[in-house]
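Please read the structure below before turning to the comments.
The values are calculated or read from the model by the stated rules, or taken from the named source; none is laboratory data. Given the structure is predicted, the values throughout are model-derived calculations rather than measurements. Neighbour counts are summed over all protein chains in view; Cβ atoms, including those assigned to glycine, are modelled from backbone coordinates with ideal geometry.
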């Protein structure tokens with residue numbers, strides 16, 4: 001027997017974790033670079049196009065080095081233990097979501113039979129980390145931003161979860177890999193195009209509610225720099241701020257990847273004659289397409305007020321989500 005065989009599960013887990021960390025770091029740098037380019041093109045900004053060499057390619061690398069080298073400052077009146085722990089708790093909540101993302105038919109961290117439930121539950125750790133950061137900073141602006149974030153994220157988790165139940169009902173399983181496999185055979189088999197208009201409405205509600213989950217415009221109220229001086233992470237600097245930053249962009253990819261998995265066919269090609277292209281390329285391409293939409297919306301739409309944000313959740317998204325779930329359930333029963 002191979003001496004490494006008893007440890008193969010551990011070795012594979014470590015390899016997958018290292019791979020995800022490398023992917024997340026590269027994705028964050030790429031997303032920041034893309035965000036600069038999207039803002040430059042949409043708003044005719046010259047800076048992101050000219051600083052940092054040709055087409056501003058090196059500015060993002062310089063910013064990453066600056067964050068690594070900056071002094072790590074902890075306020076004298078802060079709760080030092082919680083202050084240190086908060087960014088890593090937020091990062092863990094984001095990183096753990098990658099465990100059930102099916103990048104290909106044979107490339108997934110863990111194909112558990114409650115994958116959708118797991119990803120909704122584990123990403124809720126982010127709320128606890130954000131509250132911890134605001135409280136531990138001993139700063140009224142940070143605490144106000146953290147309370148806004150908690151209220152926003154907890155509220156929007158409900159329409160997100162209800163929208164994800166639509167493909168779960170249609171597939172009859174919570175396994176992310178099985179949901180993708182049920183969408184094989186072309187884009188017309190993707191769940192976003194099944195039981196129209198209900199599945200399409202679920203996709204739209206999920207995508208917009210996920211913007212509030214990751215604090216993106218027009219729902220970036222917890223980080224409203226004009227009101228809260230950057231919100232819950234106002235007292236953070238250096239690498240601790242970079243961890244928050246990395247987790248935010250990681251969450252952007254996770255929510256986009258979930259949408260690509262349960263609504264857009266995951267790693268399947270839109271046409272069967274394109275199946276020769278590897279699954280991870282399709283999966284990452286679909287996810288990055290939704291990330292680009294998030295970037296586009298940030299530099300196009302204004303920020304909502306707090307009362308408008310809650311109105312959209314409780315009086316628009318929530319009733320539509322419940323009605324949608326009921327109608328899809330009826331459709332599944334009649335079809336079956």
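Could you please find all residues in the stretch 175-209 being touching a residue at least 60 places away in the same chain (Cβ under 8 Å) and under 17 Å from residue 159 (Cα atoms)?
Once the filter is applied, which keeps residues that are touching a residue at least 60 places away in the same chain (Cβ under 8 Å) and under 17 Å from residue 159 (Cα atoms), the stretch 175-209 yields 192, 198, 199, 201, 202, 203, 205, 207, 208, 209.
Scan (1) surrounded by fewer than 18 Cβ atoms within 10 Å (Cβ to Cβ); (2) at pLDDT 75 or above; (3) not assigned by TED's automatic domain parsing to the domain that holds residue 301 for the single condition residue 2 breaks and write down its number.
Going through (1) surrounded by fewer than 18 Cβ atoms within 10 Å (Cβ to Cβ); (2) at pLDDT 75 or above; (3) not assigned by TED's automatic domain parsing to the domain that holds residue 301 one by one, residue 2 breaks only (2).
Exactly one of (1) part of a helix (DSSP H, G or I); (2) farther than 24 Å from residue 297 by Cα; (3) modelled with pLDDT under 85; (4) touching a helix residue (DSSP H, G or I) at 6+ places or on another chain (Cβ under 6 Å) is unmet by residue 110. Its number?
Every listed condition holds for residue 110 apart from (1).
Hey, among 155, 163, which residue is buried (at least 24 other Cβ atoms within 10 Å of the Cβ) and either at pLDDT 90 or above or over 19 Å from residue 83 (Cβ atoms) (or both)?
Working: 155 fails: buried (at least 24 other Cβ atoms within 10 Å of the Cβ).
Just one listed residue meets the conditions, 163.
To keep it simple, each residue is scored yes or no on (1) over 22 Å from residue 33 (Cα atoms); (2) assigned by TED's automatic domain parsing to the domain that holds residue 114; (3) at pLDDT 90 or above.
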position	(1), (2), (3)
264	yes, yes, yes
275	yes, yes, no
282	no, yes, yes
301	no, yes, no
306	yes, yes, no
309	yes, yes, no
315	yes, yes, yes
318	yes, yes, yes
321	yes, yes, yes
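Find the residue count for the stretch 252-284, including only residues that are assigned to a helix (DSSP H, G or I), out of contact with any helix residue (DSSP H, G or I) (no Cβ under 9 Å at 6 or more places or on another chain) and free of Cβ contacts under 8 Å to residues at least 60 places away in the same chain.
Here the count works out to 2.
Could you say which residue among 163, 155 is touching a helix residue (DSSP H, G or I) at 6+ places or on another chain (Cβ under 9 Å), closer than 30 Å to residue 241 by Cα and in contact (Cβ under 8 Å) with a residue 40 or more places away in the chain? Reasoning before the result, please.
On the way: 163 fails: closer than 30 Å to residue 241 by Cα.
When all the criteria are applied, what remains is 155.
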